[in-house]
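Encoded as structure tokens, the structure appears first; notes follow it.
The values are calculated or read from the model by the stated rules, or taken from the named source; none is laboratory data. These figures come from a predicted structure and were not determined experimentally. Virtual Cβ from ideal backbone geometry, glycine too; neighbours counted across all protein chains shown. Surface areas here come from the heavy atoms of the whole protein model, side chains and all, with no ligands, DNA or RNA. Shrake-Rupley method; radii C 1.70, N 1.55, O 1.52, S 1.80 Å.
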Amino acid sequence: MAQLLVRNIDDALVRKLKRRASAHGVSVEEEHRLILKHALSKPVGKKPSLMEFLLSDESVVHPGVELEIERNRRVETRRDLKF
């Protein structure tokens, strides 16, 4: 197996990685591998579903950013149904 050395990592990022690894009960090295595997296994250009986005770490959005949510399905009510 290959090895990867990452230099010049911000101290705050390293602390966050350590906390995340601890929360998942794995080593920092294993957490790093899992993050890389997850990030690189996503198809390029595929946007996550709303649920995937909300469950991901990416769901933390800067307060100045506006999110636009498009509905692609119409919700039917009982009145809409014709018998």
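For this structure, a couple of remarks:
- Accessible area (Å², per residue) of segment 1-52, counting only protein heavy atoms and a probe of 1.4 Å: 97
- Residue by residue, segment 36-48 carries 3J(HN,Hα) couplings of 4, 4, 5, 5, 8, 8, 6, x, 5, x, 7, 7, x Hz when phi is fed to the Karplus relation 6.51 cos²θ - 1.76 cosθ + 1.60 (θ = phi - 60°); x denotes Gly or Pro.
- Taking 7 Å steps out from each Cα toward its Cβ at Val28 and Ala12 produces label points 1.8 nm apart.
- Point-to-point label distance, Leu36-Phe53, nm (Cα→Cβ direction, 7 Å offset): 2.9
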